[in-house]
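Colleague: Can you keep this structure in mind? I'll have questions shortly.
The values are calculated or read from the model by the stated rules, or taken from the named source; none is laboratory data. This one's a predicted model, so the numbers in the text were calculated from it and none came from an experiment. Glycine gets a Cβ as well: all are built from the backbone with ideal geometry, and neighbour counts include every protein chain shown.
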Amino acid sequence: MPWDPDRYHQFQRERALPFEDLLELVHVRPDLDVIDLGCGTGELTARLARALPRSHVVGLDSSPQMLQRAQAVEHPHLHFRQGDLADLTGTWDLIVSNAAIQWVDDHRALLPRLFGALRPNGQIAVQIPSNYGHISHRLILDVASQEPFQTALCGWVTHRSVLTIEEYAGIFYDLGAAEITVFEKVYPHVLPDADAVADWTRGTALVPYMERLPEDLQGPFLDRYRDALRAALPTRPVFYPFRRTLFSAIKPAQP
């Protein structure tokens, strides 16, 4: 997808808050081989590298636009490469992913593959958005079902594979994981108005729609979406409660 780093960073402070909670889940040890799945522009990956002494950290992302920005923070213990997180290879002491695996279908298949890429005593720590029931996301689906957009999209809409916290806990239990931690947290953002909410989703959830729509329909889609958001969220400022899921698990050492 054609990610826009500048648009994504429009709410950089708010988007970074869940990463701090994710970092609190990480067991800090030296000399680790670490991969950050969906590293984006690399600033948070660099923050992760600073927290892990003498570790080698790799940031993986599918977006060349994001990785071009990430090059600015590379150093001898921090490197970036392009690739699909669902096709992860190698073995790792720590697998981290911040707001990325929601783009991958079938978490019941994905998480065992990622867990299998951990070395004994390795850890996986993940944060993903889980606010797809919010009006800002429901209205995207609503506009996409209207004409002329539905025809232009061939009926396509996003279907997030985010599971419940109980389901994530159960997956790791079935995998024999230790120290399983799974929880949801609401991050209470206050945005100026409904247009700011549209700007937020335009940097993430709307990206695949803009990719698939012809250029002459992108503006009308955004206009109709903004109008619907203004009607649904008329107050100023807008309270934007953003729910996220965080989880962590350890792969026990072999007997």
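Yes/no matrix, rows are residues, columns are (1) of a type in the set (A, V, I, L, M, F, W, C); (2) buried (at least 20 other Cβ atoms within 10 Å of the Cβ):
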position: 17; (1), (2): yes, no
position: 22; (1), (2): yes, yes
position: 27; (1), (2): no, no
position: 30; (1), (2): no, no
position: 66; (1), (2): yes, yes
position: 72; (1), (2): yes, no
position: 76; (1), (2): no, no
position: 111; (1), (2): yes, yes
position: 120; (1), (2): no, no
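Colleague: Moving on. Based on what the data block shows, is residue 51 touching a residue at least 12 places away in the same chain (Cβ under 8 Å), in contact with a Leu (Cβ under 7 Å, 6 or more places away or on another chain) and loosely packed, with under 14 Cβ neighbours inside 10 Å?
Modeller: Criteria met by residue 51.
Colleague: State which residue is nearest to the chain's Cα centre (by Cα) when the search covers only the stretch 106-159 and only residues that are charged (D, E, K, R) and more than 25 Å from residue 93 (Cα to Cα).
Modeller: Top of the filtered list is 138.
Colleague: Of the residues 71, 82, which is more than 13 Å from the chain's Cα centre (by Cα), free of Cβ contacts under 8 Å to residues at least 60 places away in the same chain and over 23 Å from residue 211 (Cα atoms)?
Modeller: One residue alone meets the criteria, 71.
Colleague: Select from the stretch 86-97 the residues that are at pLDDT 95 or above and either crowded, with 16+ Cβ neighbours inside 10 Å or over 14 Å from residue 114 (Cα atoms) (or both) and list them in ascending order.
Modeller: 88, 92, 93, 94, 95, 96, 97
Colleague: In the stretch 159-218, which residues are assigned to a strand (DSSP E or B), among the β-branched types (Val, Ile, Thr) and farther than 15 Å from residue 245 by Cα?
Modeller: Answer for the stretch 159-218, where residues must be assigned to a strand (DSSP E or B), among the β-branched types (Val, Ile, Thr) and farther than 15 Å from residue 245 by Cα: just 190.
Colleague: If you don't mind, another one. Any idea which of (1) at pLDDT below 95; (2) in contact with a Lys or Arg (Cβ under 7 Å, 6 or more places away or on another chain) is the one residue 69 doesn't satisfy?
Modeller: (2)
Colleague: Related question: Determine if the stretch 144-163 includes at least one residue that is in contact with a strand residue (DSSP E or B) (Cβ under 7 Å, 6 or more places away or on another chain), surrounded by 14 or more Cβ atoms within 10 Å (Cβ to Cβ) and at pLDDT 95 or above.
Modeller: Among the residues of the stretch 144-163, not one is in contact with a strand residue (DSSP E or B) (Cβ under 7 Å, 6 or more places away or on another chain), surrounded by 14 or more Cβ atoms within 10 Å (Cβ to Cβ) and at pLDDT 95 or above, which makes the answer no.
Colleague: Which of the residues that make up the stretch 110-132 are in contact (Cβ under 8 Å) with a residue 24 or more places away in the chain, part of a helix (DSSP H, G or I) and either farther than 20 Å from residue 48 by Cα or acidic (Asp, Glu) (or both)?
Modeller: 110, 111, 112, 113, listed by residue number.
Colleague: Moving on. Which condition from (1) surrounded by fewer than 16 Cβ atoms within 10 Å (Cβ to Cβ); (2) under 20 Å from the mean Cα position of the chain (by Cα); (3) of a type in the set (S, T, N, Q) is the one that residue 201 breaks?
Modeller: (1)
Colleague: Tell me which of these residue 162 doesn't satisfy, since it passes every other one: (1) closer than 26 Å to residue 22 by Cα; (2) over 18 Å from the mean Cα position of the chain (by Cα).
Modeller: Unmet condition: (2).
Colleague: Restricting the stretch 219-253 to residues that are of a type in the set (A, V, I, L, M) and not in a helix (DSSP H, G or I), which is surrounded by the most Cβ atoms within 10 Å (Cβ to Cβ)?
Modeller: 249
Colleague: Any residue that is polar (S, T, N, Q), out of contact with any Gly (no Cβ under 8 Å at 6 or more places or on another chain) and in contact (Cβ under 8 Å) with a residue 12 or more places away in the chain - is there at least one of those in the stretch 148-155?
Modeller: no
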